[in-house]
Amino acid sequence: MDQFRVPPGFRGRSAVYTQIWWIVQSTLFRMSPQVFYGWRRWLLRLFGARIGKGVIIRPSVQVTYPWKLKVGDFCHIGDEVVLYTLGEIEIGDCAVVSQRSYICTGSHDHTSPTFDIYARKIVIEPEAWLATDVFVAPGVLIGSGAVVGARSSVFSDVPPGVIYVGSPARFVGTRIMKS
């Protein structure tokens, strides 16, 4: 670890700007009343996030770098969700990321002697639902309308309209929508 270095430009903003965001997040964002969804959307947008209309983001949500976040219209991001935006996270319209889920765009190359850090974009397509305590690994795409069951760990793409559960998550069925 003595040779580890964060690559230049990896954060996407200066260290000072990043620290300002973390201070704002730990105070103005986190201490805001539950119903201040518009306030939290505004703060995220102020720091470069692209947040759609009607988005519900709970005050306990953690966003590492908001300038790498895009959330579509009418999404719900639950309590204690971590959006670890070392890389981009894109969440489509009407998607739900339930409480305590961890969306992880970055990791380290365990084969590198310098433990190189990397980031890969995560996409959660429209109308997908990640139930409570789901882990999503770097580079994964969750298909439109897919459901990932509680406490699942997703390490590869999930096709549209299916249900995946477990660790690692695996196919268990097709999502049937009532008319």
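The values are calculated or read from the model by the stated rules, or taken from the named source; none is laboratory data. Everything numeric in this text was worked out from a predicted model, so none of it was measured. So basically every Cβ, Gly included, is an ideal-geometry build from the backbone, and we count neighbours across all protein chains shown. These area figures cover heavy atoms from the full protein model, side chains too; ligands, DNA and RNA do not enter into them. Shrake-Rupley method; radii C 1.70, N 1.55, O 1.52, S 1.80 Å.
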Next item on the list: Grab the Cα-Cα distance for Leu46 and Arg175, subtract it from 0.36 nm times how many residues apart they are, and report the gain in nm with one decimal.
Entry: 42.8 nm
Next item on the list: Sort the range 16-105 into rounded, prolate or oblate with this rule: let a ≥ b ≥ c be the square roots of the eigenvalues of the Cα gyration tensor; rounded if a/c is under 1.5, and if a/c is not under 1.5, prolate when a/b is larger than b/c, oblate otherwise.
Entry: rounded
Check: Which far-off residues, 5 or more places away or on another chain, put their amide H under 5 Å from the one on Val71, with H placed in the peptide plane?
Finding: Arg50, Ile51, Gly52, Ile91
Check: Under a straight-distance cross-link criterion of Cα-Cα below 24 Å, which lysines are reachable from Lys121, leaving out those fewer than 8 residues away in the same chain?
Finding: Lys53, Lys68, Lys70
Check: Any idea how far apart Asp116 and Val35 come out in nm if each label point goes 7 Å out from Cα toward Cβ?
Finding: 5.2
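Can you give me the % of accessible surface on the chain that is carbon or sulfur? Probe 1.4 Å, all protein chains present, nothing else counted.
Numbers: 5320 of 9200 Å².
Here it works out to 58 percent.
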Checklist line | Probe 1.4 Å, accessible area per residue of the range 1-147, Å² | finding: 48
Item checked: Answer label for mean projected area of the Cα convex hull in nm² (calculated), chosen among (1) 13.0; (2) 10.8; (3) 16.9 -> (2)
Check: Check Arg175: other-chain or 5+ apart residues with amide H under 5 Å from its amide H, H built from backbone geometry?
Finding: Val162, Ile163
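With a 10 Å radius around each residue's Cβ, average the other Cβ atoms per peptide and rank 89-97, 137-145, 169-177, highest first. Don't skip to the answer; put the middle values down first.
Working: 89-97: 22.2, 137-145: 20.0, 169-177: 12.1.
My ranking of the peptides, most packed first, is 89-97, 137-145, 169-177.
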Check: How large is ³J(HN,Hα), in whole Hz, for each residue of the range 159-168 in order, when computed from phi with the Karplus curve 6.51 cos²θ - 1.76 cosθ + 1.60 and θ = phi - 60°, using x for Gly and Pro?
Finding: x, x, x, 10, 10, 10, 9, x, 9, x
Item checked: Residue-averaged [θ]222 nm for the chain, counting only DSSP H segments that reach four residues, each worth -39500 (n - 2.57) -> -3500 deg cm²/dmol
